[in-house]
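> Before anything else, here's the structure in question.
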Amino acid sequence: MATGEAGGLAQTAAVKLSEMGERTKQFGTAIQDPERQRRIILVIVCVALLLDNMLYMVIVPIVPDYLARLESESEHAHITGNFSSNRTQNQAQNENFDVQIGVLFASKAILQLLVNPLTGTFIDRVGYDIPLLIGLSIMFVSTCIFSVAENYATLFVARSLQGLGSAFADTSGIAMIADKFTEEAERSRALGIALAFISFGSLAAPPFGGVLYEFVGKRFPFIVLACVCLADGILCLTVLKPFSSRTRENMPVGTPIYKLMIDPYIAVVAGALTTCNIPLAFLEPTIASWMEETMNASQWQIGLTWLPAFFPHILGVYITVKLAAQYPHLLWFYGALGMVIIGASSCIVPACKTFEQLIIPLCGICFGIALVDTALLPTLAFVVDVRHVSVYGSVYAIADISYCVAYALGPIVAGKIVHDLGFVQLNLGMGLANVLYAPVLLLLRNVCLMKPSHSERNMLLEEGATGLYDTIKMEERQRKKQGYNSSGKCVPVDENGTFGQSKSYSEEETSEPECI
């Protein structure tokens, strides 16, 4: 009887194992499907961007209060003594404390700014999957250090490590999206989804961190983010198999980052990305104290200041993706319109007297940033496609540098400007900068008018060959010069250099047969 039951259990276990093996095999087959793999890659990248931006902003309600508690515990002996001298001492300590917090917040963007030129070149050489895994690993270590840090030095190390991880994960993730989604409408939609995750991470992290810090403690928010980061890294290993792929061996060598930096079209986009993010980067560290002084705002209002702006940001991404699909030649206009909206909204901020009034211009700023980012990030990939080699690590490293310039200066410079000139002057200056930069995007009209066809790429080849495709094109032009018959008459030459045949893309080709 016992032997029969044991045999039945063994048979049941064998059936279960067989079913599990079959399901695993089906899952492996499913993730190898190109379309499904692209979607899984988009999920992996979006989660990585969400984590990075949540970790960037989750410390806003946690670290200042936590450091203040540590400082008050270590200096409790200074409570006694002369009141006026203590008050002077406290003012000096508060100023020093604000500087420390500003440097701590900016350290991530500063290190990311310094490392990005190197990571961009590294990504171009080894591909996108290994740098993404490296970035997730560093972010996981950084988050764990945040959870156990108990002094300023440890927090500074964790924040700086996050910048190093972001330089790998953010750049390789965005570049991977551009590489996997080659059709312009799909690329705009995929990058729009990624921007939505970035927005959600930045705007939802402060209330997420504040609530968990208040009720559970400092460690719990970072433990949650570390677990999500670990899961994303495991998914990256499972799907991308970064150490077994050899696809990069047959890929072209990317254009060096210094050549991309001097490309006028890329420079215009980089300047726009920096300028449009300055209001957000400069307002985040200064708006809380201004709200307390101007409208006597409560802590919950300060904590929820940016959360309503998430919805217009998503709306801006959605509208731009839809418009880009219908009118792709107007991408420069969507970016310029976004900068005008950002400029006008920045100028309105100092005029607000209540929390409800303040929500309107902040929503306008985030809506405008969504227009600019969603319109110009795909433009960077398109410029690389038509002017250089279609390898995207370095160009999106330049985009990341543009963001980092704004967010590195914000926590350090914004407070000084408010102290010396005033909050009103800060906002007017940022608004004016955005409005004045908007017409510069007119220089992108030639890029946005192009379509991904060989003949139209010639529009940007006035200065000679600048990429793999351009070199091939110049060789074809040399062959065209030999396209004549024995009678001396011109003979049409097609794109492949074949004589006497009609052109398959006659409606697109603008050049005429050449004679010698």
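The values are calculated or read from the model by the stated rules, or taken from the named source; none is laboratory data. Keep in mind it's a predicted model, so treat the numbers as computed, not measured. Glycine gets a Cβ as well: all are built from the backbone with ideal geometry, and neighbour counts include every protein chain shown. SASA here: full protein model, heavy atoms, side chains in, ligands and nucleic acids out. Shrake-Rupley method; radii C 1.70, N 1.55, O 1.52, S 1.80 Å.
> Express the C-alpha Rg of region 172-219 as a ratio against the empirical globular expectation 2.2 N^0.38 Å, rounded to two decimals.
Details: Rg = 15.9 Å, N = 48, 2.2 N^0.38 = 9.6 Å.
Output field value: 1.66.
> Distance check, please: which entries in Lys241/Lys322; Lys322/Lys353; Lys108/Lys180; Lys353/Lys416 exceed 32 angstrom between their Cα atoms? Provide the component values of the computation, followed by the final result.
On the way: Lys241/Lys322 34 Å; Lys322/Lys353 36 Å; Lys108/Lys180 29 Å; Lys353/Lys416 23 Å.
Violating the 32 Å limit, Cα to Cα: Lys241/Lys322; Lys322/Lys353.
> Compute, for Leu304, the solvent-accessible surface of its heavy atoms (probe 1.4 Å) with the complete set of protein chains present, and express it in square angstrom to the nearest 10.
60
> Follow-up question, since we're still on this one. How much length is gained on full extension from Met261 to Glu292, taking 0.36 nm per residue of separation minus their Cα-Cα distance? Show your work: numbers first, answer last.
Numbers: separation 31, 0.36 × 31 = 11.16 nm, distance 4.20 nm.
Residue separation times 0.36 nm, minus the Cα-Cα distance, leaves 7.0 nm.
> Below 12 angstrom from the Cβ of Ala205, what's the summed charge of the other residues (Lys, Arg +1; Asp, Glu -1)? Write down the numbers at each step before the final one.
On the way: positive: none; negative: Asp52, Glu284.
Net of charged neighbours comes to -2.
> Place the peptides 114-122, 198-206, 335-343 in order of packing, highest mean first, counting for every residue the other Cβ atoms within 10 Å and averaging per peptide. Walk me through the intermediate numbers first.
Values: 114-122: 20.8, 198-206: 22.7, 335-343: 25.2.
Final packing ranking: 335-343, 198-206, 114-122.
> As a test question: what accessible area, to the nearest 10 Å², does Glu183 have when a 1.4 Å probe is rolled over all protein chains in place?
The value for Glu183 is about 90 Å².
> Taking only the alpha carbons of region 151-253, what extent do you get along each of the three principal axes, in Å, biggest first?
51, 30, 24
> Taking the Cβ of Asp170 as the centre, find all other residues whose Cβ is under 9 Å away and add up their charges (Lys, Arg: +1; Asp, Glu: -1).
Numbers: positive: none; negative: Asp52, Asp400.
Overall, the nearby charge balance is -2.
> For q = 0.20, 0.21 Å⁻¹, what log10 I(q)/I(0) does region 201-353 give under the Debye formula with an equal point scatterer on each alpha carbon and no solvent?
Per q value, in the given order, log10 I(q)/I(0) is -1.24, -1.27.
> Around Ala190, under 9 Å between beta carbons, what's the net of Lys plus Arg minus Asp minus Glu among the other residues? Let's see the in-between values first.
On the way: positive: Arg38, Lys180, Arg187, Arg189; negative: Glu186.
Spelling it out: positives minus negatives among the neighbours equals +3.
> Another one. Hey, got the Cα dimensions of region 300-387 along the principal axes, in Å, largest first?
The Cα atoms of region 300-387 stretch 48, 21, 21 Å along the principal axes, largest first.
> Still on this structure, please answer the following. So what does the Cα-only Debye profile of region 293-343 read at q = 0.14, 0.18, 0.31 Å⁻¹, as log10 I(q)/I(0), no solvent term?
Treating every Cα as an identical point scatterer, log10 I(q)/I(0) equals -0.53, -0.70, -1.13.
> Take the Cα atoms of region 247-331, build their convex hull, and give its volume per residue in Å³. Walk me through the intermediate numbers first.
Working: hull volume 17.5 nm³, N = 85.
Residue-normalised Cα hull volume stands at 206 Å³.
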